[in-house]
Amino acid sequence: MPSYAVKEAADLLGVSDDTVRRWIDAGKLQAADRAEHNGRVAIDGAVLAKFAQQLAAEAPTPEARPVVSESARNRFTGLVTRVVRDTVMAQVDIQAGPHRIVSLMSREAADDLGLEPGVLAIAAVKSTNVVIEVPGPHRMENHS
């Protein structure tokens, strides 16, 4: 199991070394047995990862504000017709009039949005790569 020195832990958590030491002294963050680390203070990786998640969960989040403008110009309102989830990703199909829009996203995002067939959704499309296809030549019929 990896372990991290106080300075490394502080860098990973985005705080000072002193803050990490205070958390350890207050019992908020569990330090590893010093005997296993040549007498130095260290934090086991799994403990640090769990603590980082707790810090993130406790952090205040800014209040959501309505979107008044965005760079995506192509917005398709439609109904979700299909959601295929695996352990990591989800494929979401939206029928917007005659247009079928397919989005690939994380499963977590699809779950958080509550995407299921029948849900009204908006697909906002902004692409830096658009493929243009040209059909074969059109044959003009000779009507003489």
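Laboratory data are not the source of any read-out in this text; all were calculated from the coordinates shown. Just so you know, these numbers come straight off a predicted model, no measurement behind them. Here the Cβ positions follow ideal geometry from the backbone for every residue, glycine too, while neighbour counts run over all protein chains shown.
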For the chain, with +1 on Lys and Arg beta carbons and -1 on Asp and Glu, the positive-most of 14, 98, 38 along the dipole: 98
message: Taking the Cα centre as origin and putting +1 on Lys and Arg beta-carbons and -1 on Asp and Glu beta-carbons, what dipole magnitude results for the chain, to the nearest 20 debye?
response: 320 debye
field: Candidates 110, 90, 46: whichever shows maximal mean-square fluctuation once the chain is modelled as a Gaussian network with Cα springs under 10 Å
entry: 46
query: Using 7 Å Cα-to-Cβ label points, what is the residue 12/residue 57 separation (nm, one decimal)?
result: 1.8 nm
statement: In nm, the gap between the two label points placed 7 Å beyond Cα toward Cβ at residue 134 and residue 69 is 3.7 nm
field: Proximal charge balance of residue 50 [Cβ under 14 Å; K/R count +1, D/E count -1]
entry: -1
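Assign one of three labels to the stretch 48-114, namely rounded, prolate or oblate, based on the Cα gyration tensor with a ≥ b ≥ c the square roots of its eigenvalues; rounded applies when a/c is under 1.5, prolate when it is not and a/b is larger than b/c, and oblate otherwise.
It is oblate, given that a/c is not under 1.5 and a/b is not larger than b/c.
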Surrounding net charge for residue 101, when Lys and Arg each add one and Asp and Glu each subtract one, Cβ distance under 15 Å: +4
- line: Square roots of five times the C-alpha gyration tensor eigenvalues of the chain, ordered largest first and given in whole Å, equal 54, 19, 16
task: Go through the stretch 23-93 and name the trypsin sites (Lys or Arg not before Pro) that are in a DSSP coil and have 13 or fewer other Cβ atoms within 10 Å of their Cβ.
output: 28, 40, 73
